[in-house]
Amino acid sequence: MTTRTAFDRARSEGRAALVGYLPAGFPDVDGSVAALRVMVDSGCDVIEIGLPYSDPVMDGPTIQAAAQRALDGGTRTRDVLRVVEATAATGVPTVVMTYWNPVERYGVDRFAADLASAGGVGLITPDLTPDSADEWLAAADARELDKVFLVAPSSTDERIAMTTSHCRGFVYATAVMGVTGARSTTSELAQPLVARTKKATDLPVGVGLGVSNGDQAAEIAGYADGVIVGSAFVRVLQQHEGDLGAGLRALGSLTEELAAGVRRPVGTAR
Amino acid sequence: MTTTGSGAFDADERGFFGDFGGRFMPEALIAALDELDGAWREAMADPGFVADFEKILAEYAGTPSRLYHAERLSRQVGAKVLLKREDLNHTGAHKIRNVLGQALLTRRMGKTRVIAETGAGQHGVASATAAAYFGLDCTVYMGAVDTRRQALNVARMQLLGATVVPVDSGSATLKDAINEALRDWVASVDHTAYLFGTAAGPHPFPSMVREFCRGIGDEARSQCLEQHGRLPDAVAACVGGGSNAIGIFTAFLDDPEVELLGFEPGGDGVETGRHAATIHAGASGVLHGARTFVLQDEDGQTVESHSISAGLDYPGVGPQHAHLARVGRASYQPVTDTEAMEAMALLSRTEGIIPAIESAHALAGALREVPALLERHGPEATVLVNLSGRGDKDMGTAIEWFGLGRAEGEAP
């Protein structure tokens, strides 16, 4: 299944898709596989696997700490691909979210090939915009991988048009001007950004950054096609550090809460 | 002031110097970088802005800095050594040029707050100084390891009115301070300017920082011609991120007979792995928004750098240097901690000038090249060394390295 199929299915059910993020290798490689499986079983429609990187400029303290933990634990790029393979085997479309240097270092085309053979369906690239991405665009097109680029509240309409024209799968709209991290209220910047993005493209638009609970998910589901959650999942595992069983149970509950949230969209804007 | 770089070696409109540079940044910051690029180009084309910048540099920072013929040192080493005395600028280094330029631009853009990263604290102090001068709010990000090592500079920044934020993430050093400043900027970009400390980072920073620093070389080139009737045979500078080096090299890029020598921090020796010789020993990659040479492992994770000189201790390098190295217009060689400290002592004793350890790398490298320079250019060989900063800040390191600090006869 592609991400597009997952979004379309959610749309046909009159709801938004739930996209769940976790860095590979956190709390360790096997633990991340187990956690991702729980997220799949508890209602994530699309999985985003983070490739831990030493200099994650778009991430707040929660994901920074998890990525650092993964790196300190010896997580390598090839381990990330292993986690992708295990997760994709569940049948849920699985993409990798990665800063650019690890891909460039691995070899862009080689990474695309290995990602595809692991069953991964594409990349989200937080520090790579399409106008700097010739090599990735070519490699992704050669294998029909999803190219998910970000749009931001500060993006001009021209840039949104340019960016979405290069996306495949879905578009990632960042709800806030800021870094990743669970927030208790939803940004008022998200809805206008989604509206501007939808004027430029027919692709599904997912909203991420700051979503932490079912009510926020319901609110975003009212105007967007997908709700993207990362830090809140990571935080749950961090809160149960040392007791993976308890962490996984809490992770399951949070996933269910968010999955219920995307099924009761607020308003009728979508 | 000339307002463009040397054409043949300059960036294209997307900020690429050949294969290097560009803009590998979150979309959220692209609008701000476009705005900055536009505002900077407009400012440099505005004679009023250029005149303001030159006036502030002259009256406040004390430029043009002197070109000094170090005669005792020259006799000792057998070649003519000219020193560009950036150590005599206000705040003691070339960095004041960059921050005054960027802060003047910040004011012109109507922004009220500046942020900066700093390693040892020199760029932080310079930024806090410029912020005080222009009445801007200032927050400086500094690795927690460095705030402990450089408490004096933390105090200087605070006295100048800046807020210093220690950064605990990653390796808690300069690269992590840059990450944290970028995270701040993503959230504050509508009213905040990021005063980037070196000629690296995403376009337009490498070009903009170079243009604000290029007065070093423009001045030195005309001073050489006026005072010595000729150009130097070689120009030497230390290269961490590379702002002082690109600042002095730029004026000479189109003088093919002038050798450009960059000296990178070799730490304990490149073979030990404990160094920051990015061009010499790194690999092409993307760090902090630009494609350049990066110290990285086989997965592309940034590797921690090492140098006795905090100002050079950075695992990346400005993309124009990467380009100049690749096309062969400049050469880049490592200088070890030991070589730099020996040069620091030598200059102190022969000329009564205590250089920053950064600048001592340039001097050490230049002196190592003297036999080759004499061979290539004859007995009149002349080398211009960018003395980019003064050594007061490094006395703690010098005390430890040389075992100083006790008067004669005093018990250890």
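The values are calculated or read from the model by the stated rules, or taken from the named source; none is laboratory data. What you see is a predicted model, and the numbers here were worked out from it, not measured in a lab. Here the Cβ positions follow ideal geometry from the backbone for every residue, glycine too, while neighbour counts run over all protein chains shown.
Brief remarks follow.
- The criterion of at least 2 residues that are polar (S, T, N, Q) and crowded, with 19+ Cβ neighbours inside 10 Å is met by the following helices (runs of 4 or more DSSP H) wholly inside segment A:1-81: A:61-72.
- Qualifying residue in segment B:179-188 (condition: of a type in the set (S, T, N, Q), assigned to a strand (DSSP E or B) and closer than 20 Å to B:Thr147 by Cβ): no
- Which numbered condition B:Thr112 fails, given (1) within 21 Å of B:Ser305 (Cβ to Cβ); (2) at pLDDT 95 or above; (3) of a type in the set (S, T, N, Q): (1)
- Test: residue in segment B:143-153 that is at pLDDT 95 or above and touching a helix residue (DSSP H, G or I) at 6+ places or on another chain (Cβ under 9 Å): no
- Of the residues examined, B:Gly365 is one that is away from chain A (no Cβ under 14 Å) and not polar (S, T, N, Q).
- Single condition B:Ala151 does not satisfy, out of (1) touching a Ser or Thr at 6+ places or on another chain (Cβ under 7 Å); (2) under 25 Å from B:Asp87 (Cβ atoms); (3) more than 14 Å from chain A (Cβ to nearest Cβ): (1)
- Failed item in (1) under 23 Å from B:Pro202 (Cβ atoms); (2) within 18 Å of the chain's Cα centre (by Cα); (3) among the hydrophobic types (A, V, I, L, M, F, W, C), with A:Val80 passing the rest: (1)
- Flag for A:Gly120 being surrounded by 24 or more Cβ atoms within 10 Å (Cβ to Cβ) and either within 24 Å of A:Met39 (Cβ to Cβ) or more than 8 Å from chain B (Cβ to nearest Cβ) (or both): yes
- When every residue of segment B:272-283 is checked against the conditions, at least one turns out to be within 30 Å of A:Arg69 (Cα to Cα), more than 16 Å from the chain's Cα centre (by Cα), in contact (Cβ under 8 Å) with a residue 12 or more places away in the chain and within 14 Å of another protein chain (Cβ to nearest Cβ).
- Exclusive hit being within 21 Å of B:Glu219 (Cβ to Cβ) and among the hydrophobic types (A, V, I, L, M, F, W, C), set B:Ile30, B:Ile56: B:Ile56
- In segment B:15-40, the residues that are surrounded by 23 or more Cβ atoms within 10 Å (Cβ to Cβ) and of a type in the set (A, V, I, L, M): B:Met25, B:Ala28, B:Leu29, B:Leu36
- Summed over segment B:322-356, residues that are of a type in the set (Ser, Thr, Tyr), part of a helix (DSSP H, G or I) and in contact (Cβ under 8 Å) with a residue 60 or more places away in the chain total 1.
- Residue in segment A:129-141 that is over 30 Å from A:Ser42 (Cβ atoms), in contact with a His (Cβ under 8 Å, 6 or more places away or on another chain) and not in a helix (DSSP H, G or I) present: yes
- Where helices (runs of 4 or more DSSP H) fall wholly inside segment A:174-270, the ranges with 2 or more residues that are β-branched (Val, Ile, Thr) are A:190-200, A:231-239.
- Only residues that are under 17 Å from the mean Cα position of the chain (by Cα) and among the polar types (S, T, N, Q) were counted across segment B:186-235, and they come to 2.
- Annotation: of all residues in segment A:85-117 being more than 14 Å from chain B (Cβ to nearest Cβ), of a type in the set (A, V, I, L, M) and farther than 25 Å from A:Val38 by Cβ, the one that is surrounded by the fewest Cβ atoms within 10 Å (Cβ to Cβ) is A:Ala113.
- Looking only at segment B:10-57, and only at residues there that are away from chain A (no Cβ under 13 Å) and among the basic types (Lys, Arg), the one that is nearest to A:Asp157 (Cα to Cα): B:Arg41
- Segment B:88-105, residues that are crowded, with 24+ Cβ neighbours inside 10 Å, not in a loop (DSSP other than H, G, I, E, B) and not aliphatic (A, V, I, L, M): B:Lys95, B:Arg97, B:Asn98, B:Gly101, B:Gln102
- Residue list for segment A:134-172, restricted to those being under 19 Å from the mean Cα position of the chain (by Cα), within 11 Å of chain B (Cβ to nearest Cβ) and surrounded by fewer than 22 Cβ atoms within 10 Å (Cβ to Cβ): A:Pro153
- Which numbered condition B:Gly285 fails, given (1) more than 22 Å from B:Glu211 (Cα to Cα); (2) in a helix (DSSP H, G or I): (2)
- Comparison of B:Ala220, B:Ala199 shows that the only residue that is within 16 Å of B:Gly101 (Cβ to Cβ) and away from every other protein chain (no Cβ under 13 Å) is B:Ala199.
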